[in-house]
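The block underneath contains the structure these notes are about, expressed in C-alpha cells.
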Amino acid sequence: LNYRQVTKRTISCLQSLIGDDNVLHDPDELIYYSGDENPAGISAKPDVVVTPQNTQQVSQVLTFANDHRIPVTFRGQGTGLSCGAVPLYGGIVLSFERMNRILEIDEDNLVAIVEPGVVLLTLREELARYGLFYPADPGERTSAIGGNVATNAGGMNGVKYGNTRQYIVGLEAVLASGAVLQLGGKTLKRSTGYELLHLVVGSEGTLAAITKVILRVMKEPQRVITLYVPFPNLTAAIATVPQIIREKITPTAIEFMEQELLLMVEQQVDQRMPHDGAAAYLIIRLDGDEETSLYKMGEAVADLCLARGAEDVLIAESREAQARIWDLRGRFYEVLKSTNILDTVDAVVPISQIAEYIRLGKQISKKYGLTIHGLGHAGDGNVHLMLLKDTLSDTAWSEKLPKTKQELHEAAVALGGTISGEHGIGFEKKKYLPLIASKDELAIMRNIKHVFDPNNILNPGKIFDI
Ligand SMILES: Cc1cc2nc3c(=O)[nH]c(=O)nc-3n(C[C@H](O)[C@H](O)[C@H](O)COP(=O)(O)OP(=O)(O)OC[C@H]3O[C@@H](n4cnc5c(N)ncnc54)[C@H](O)[C@@H]3O)c2cc1C
C-alpha cells in the first residue's frame, strides 16, 4: 500500500494542530503502542502517537492524515486479542487514553454518555453509585469502552445480556475525511433508514473513529448467586448447558473449565477453589430481584446438573465467596500467558454443538501434537480454545499452530458456527474470514469500506485486504 512517510515536518504539523503534549514520538514511548494482548500475534511500531482530548482534535488529525495519505490506527487500551490495534503500516496511532470522561448519567432515560477512553471498570464503579449497571462484561475490565464498541465485545454475561451491540443506542463517529456524524441518540427505538450506527459497532477501527458513546444501562439486580458444579467429565458438564437453556432458565453466565487448567491456575496464584477434585466444572451465575424466585431458579439448575451426573452443586451466596470464584476464573488467561506461550481461538458454535466442537478440537490438536484446553462462555456457545506451546520447539510451534488453527476454524464453521464470537477479526483472523463470508459478502464489505474511507487510511490491513 502506498502511504506517505511520517517525517519531522509531519510531527510538527500534528503538534501545531493538537499541541505538543498530545504528540508522542520518542522511540521508547512508541514501543508501548506497537502490540496488543495477543502473545502469539504480531507487533509493529507506529511512527507517531497522538492523544487527542476532544472530537475536534480527532477530526483535525484525520483530515490531515487523509489529505497526506498517512495510515491511522485507533487504540483504546490495547487489550485486544486479534492484533486489531497494531499499526501494521506504521503511521499514526490515535490513542483515546485522554478522552476518558463520563459525560452524563441520565437516570430518567437509563443511558450513560461517555468518551471512548473510559475504562470499563471506572464506568462500572461510577454506575454502581447510582444503583445502575452496564451489562456487557468483557473479562478484561481495563479495556476501554471505545475498544469494546469497536470489537462488539462480549463476555461472561452474554447468556442473559448479550454483547456490547445490544447496549449501544448512540455514537459520535468521525470519518476519515474528518466529518463528524451523530448516529442514534437516547431513544431506544428507531426505524429511520440504514442503521449506520450498527455498521460502526464491530468495525474494528476500519470505518470511523468512535468519539462518544451513548449506552443503555440498567438497574442493578438486587441479588446474585453463583453455582459451582463439579462434573466427572467435560462432556457431561457441557451437555448440561443446552438442557438449562431449554428449560427456559436464563442464567447470567455459564462458564466451563477443565480440572487440569484449574489446578495449574490454583498453583500459580496460590489460591484454591472450594472443590478441585473433579474433571470438569460449570460455574453458573444467576441474578434477579426477588429472593424466592432466584433460589427457585437456582434449585432448578442444581437439579438439572445433578440429573446430568454432577458430583455436587456448591452455592456461593455472599459477595466475597462469589468474588473468589469469579476472580480466579478471570485470571486464567493471565496465568496461562505468564507460564506458557499460547494462542486462543474465539470460535462460537450453536450451544447444542459445544461438546462436539470441543471433541473435534481435542482431536485436531492431538493430530498436530499441540496441547489444548477448552475454557469459556459455555452458555452462549463461545468456546475459547487455548493452544499451548509447552515443550514444542519454536520451529514445530510455528509450523503446527497455523494448521491447527485453520482446522479449528473450519470445524466451527462446519458445525454452523463462526470464527469469532467477541474478539473480532483484526489481523489475526483475517485469513479465516473467507471460511464464513462469501465472495459477495466480502465485496459488499469492501464497498462499504470505500464509502467510509476512500483512501484506506483507517486501520489498513485489518478484517480483509482491499
Ligand atoms: C485477559 C483478557 C480477557 C479478555 N476477555 C474478553 C471477553 O471476555 N470478551 C471480549 O469480548 N473480549 C475479551 N478480551 C479482549 C479485549 O479486552 C476486548 O477486545 C476489548 O474490547 C478491547 O478493548 P481495548 O480498549 O483494549 O481495545 P484495543 O485493543 O485498543 O482495540 C481493539 C480494536 O478496536 C479499535 N478501536 C479502539 N478504540 C476505538 C475507537 N474509539 N474508535 C474506533 N476504533 C477503536 C482498534 O483500532 C482495534 O481494532 C480479553 C482480553 C484479555 C487480555
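The values are calculated or read from the model by the stated rules, or taken from the named source; none is laboratory data. In this text, all values refer to a predicted model and were calculated from it rather than measured experimentally. Methodologically, a virtual Cβ is constructed for each residue, glycine included, from the backbone with ideal geometry; neighbour enumeration extends over all protein chains shown.
Within the range 411-429, does at least one residue satisfy the condition of being basic (Lys, Arg) and free of Cβ contacts under 8 Å to residues at least 60 places away in the same chain?
Of all residues in the range 411-429, those basic (Lys, Arg) come to 429.
Next, only the ones that are free of Cβ contacts under 8 Å to residues at least 60 places away in the same chain stay: none.
No: zero hits.
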Yes/no for THR235 being among the hydroxyl-bearing types (Ser, Thr, Tyr), farther than 30 Å from GLY184 by Cβ and either loosely packed, with under 14 Cβ neighbours inside 10 Å or touching an Asp or Glu at 6+ places or on another chain (Cβ under 8 Å) (or both) = no
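Could you tell me which residue of the range 74-101 is farthest from ALA44 (Cα to Cα), considering only residues that are within 10 Å of the ligand (Cβ to nearest atom) and among the aliphatic types (A, V, I, L, M)?
The first filter runs over the range 74-101 and keeps only residues within 10 Å of the ligand (Cβ to nearest atom), leaving 74-87, 93-97, 99.
Retained after the next criterion (residues that are among the aliphatic types (A, V, I, L, M)): 81, 85-86, 93-94, 99.
On the way: LEU81: 15, ALA85: 10, VAL86: 6, VAL93: 11, LEU94: 14, MET99: 24 Å.
For the range 74-101, the residue satisfying everything is MET99.
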Could you tell me whether GLY379 is at pLDDT below 95, within 30 Å of VAL301 (Cα to Cα) and in a helix (DSSP H, G or I)?
-> yes
Return the total of residues in the range 167-226 being more than 16 Å from the ligand (Cβ to nearest atom) and in a strand (DSSP E or B).
-> 8
From (1) at pLDDT 95 or above; (2) within 15 Å of the ligand (Cβ to nearest atom), pick out the condition that doesn't hold for LYS160.
-> (1)
Inspect all residues belonging to the range 169-178 and state whether any of them is within 24 Å of GLU107 (Cα to Cα) and of a type in the set (Val, Ile, Thr).
-> yes
Filtering the range 53-73 down to residues that are within 25 Å of the chain's Cα centre (by Cα) and under 23 Å from PHE464 (Cα atoms), which residue is farthest from the ligand (Cβ to nearest atom)?
-> PRO71
